[in-house]
1. Does a label point 7 Å from the Cα of Ser305, set along Cα-to-beta-carbon, have any residues of region 203-229 with amide nitrogen under 18 Å, and which are they?
2. Would you please name the trypsin sites (Lys or Arg not before Pro) within region 96-198 that are DSSP coil residues with at most 16 other C-beta atoms within 10 Å of their C-beta?
3. Might you report the magnitude of the Cβ-based charge dipole of region 181-323 about its Cα centre, with Lys and Arg at +1 and Asp and Glu at -1, to the nearest 20 debye?
4. Distance cut-off 23 Å, Cα to Cα: go down the list Lys55/Lys234; Lys15/Lys234; Lys55/Lys109; Lys45/Lys161; Lys15/Lys55 and report the pairs above it.
5. Taking 1 over the mean of 1/r across every pair of different Cα atoms in region 1-150, what Kirkwood radius in Å do you get?
6. Which percent, to the nearest 5, of DSSP beta bridges fully inside region 197-281 are antiparallel?
7. Please name whichever of Ser56, Gly38, Val13 sits farthest to the positive end of the charge dipole of region 1-70, dipole taken about the Cα centre and charges placed at Cβ: Lys and Arg +1, Asp and Glu -1.
8. Give the relative contact order (percent, whole number) for the chain; include only Cα pairs under 8 Å separated by 6+ residues.
Amino acid sequence: MTSKTPATRRVLVAKPRGYCAGVDRAVQAVEKALEQYGAPIYVRKQIVHNTHVVKSLEERGAIFVEETEEAPEGAIVVFSAHGVSPAVHEEAARRSLRTIDATCPLVTKVHNEAKRFASQDYDILLIGHEGHEEVEGTAGEAPDHIQLVDGLDSVGTVQVKDPQRLVWLSQTTLSVDETIETVSRLRERFPNLIDPPSDDICYATQNRQVAVKEIAAQAQLVIVVGSENSSNSKRLVEVALDHGADASYLVDDASLIKDEWFDGVTTVGVTSGASVPEELVAEVLVRLALHGFNDVEEVESVQESVRFALPHELRKDLRAATV
């Protein structure tokens with residue numbers, strides 16, 4: 001009798017994964033502010049949607065608040081990568097807060113588009129998730145002109161003043177495929193719907209979804225490292241399931257991985273959301289190795305080279321400190 005050779009257990013690690021340029025910039029803004037001004041530094045909302053990043057910054061002296069009114073007058077407050085509405089800027093000015101705006105430049109681009117189209121009296125259909133900080137910030141730029149479209153089911157309820165002056169914008173962290181389908185459904189109702197001048201879904205969201213599609217087609221299980229409140233991380237789970245994976249799970253860290261997930265699995269895909277530090281992925285790979293998944297291959301789908309400068313308010317003070 002010949003014994004059956006056990007199948008090789010392998011791991012396909014998506015690249016790109018993890019930190020995008022906007023997240024890296026925002027996290028660095030808090031770190032540099034702590035170095036430059038000393039603790040405490042107040043941060044409105046989570047600087048990025050990752051529990052480990054927030055905890056690490058808290059340990060260094062960052063204080064996270066829900067609203068600027070929770071920070072003492074005159075304090076330094078960092079605005080998160082997701083952006084804020086003009087009303088938040090106005091409230092901060094009234095309370096003499098020193099603000100550092102760490103809004104991702106790609107979110108700022110959407111804000112500027114909203115203001116421009118509103119100034120031209122367009123109705124704006126904002127595709128995104130109700131309650132998400134980015135959506136609230138963008139909608140606040142032109143509340144009288146913006147209407148939220150939250151998923152395919154809400155397309156039928158859209159009402160507009162003039163179907164001839166209608167444009168769509170989107171939250172930057174959505175599923176590319178779902179956004180395309182939503183726009184297609186909207187265009188069935190409103191044939192003259194105008195596209196934004198450039199794609200609103202951020203390069204990093206798109207690239208991570210392209211990468212997870214490639215590994216999902218070859219894996220029975222895809223593990224996505226990311227926090228539950230991270231929109232782009234949750235979308236990676238959905239994309240993995242839609243493109244070949246039998247199962248996909250979102251985990252904040254390796255401790256949440258369950259042994260039963262590996263039953264009958266020979267290939268595991270691993271990726272991480274745009275706000276996830278690489279050490280959390282490394283810990284997942286260690287956990288997988290304990291289950292015999294020692295053959296690790298990085299699968300690069302797209303090369304990334306985008307970098308963003310630190311917020312200008314912070315750069316000015318950092319330059320002055322070196323003179």
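1. 203-204, 207
2. Lys161, Arg165
3. It comes to approximately 660 debye.
4. Beyond 23 Å between Cα atoms: Lys55/Lys109; Lys45/Lys161; Lys15/Lys55.
5. 17.4 Å
6. Roughly 0 percent of the DSSP beta bridges within region 197-281 come out antiparallel.
7. Highest projection toward the positive end goes to Val13.
8. Normalised by residue count, the contact order of the chain is 25 percent.
Any read-out appearing in this document is the output of simple, stated calculations on the displayed coordinates, not a laboratory observation. Note that this is a predicted model, so its numbers are computed, not measured. Virtual Cβ from ideal backbone geometry, glycine too; neighbours counted across all protein chains shown.
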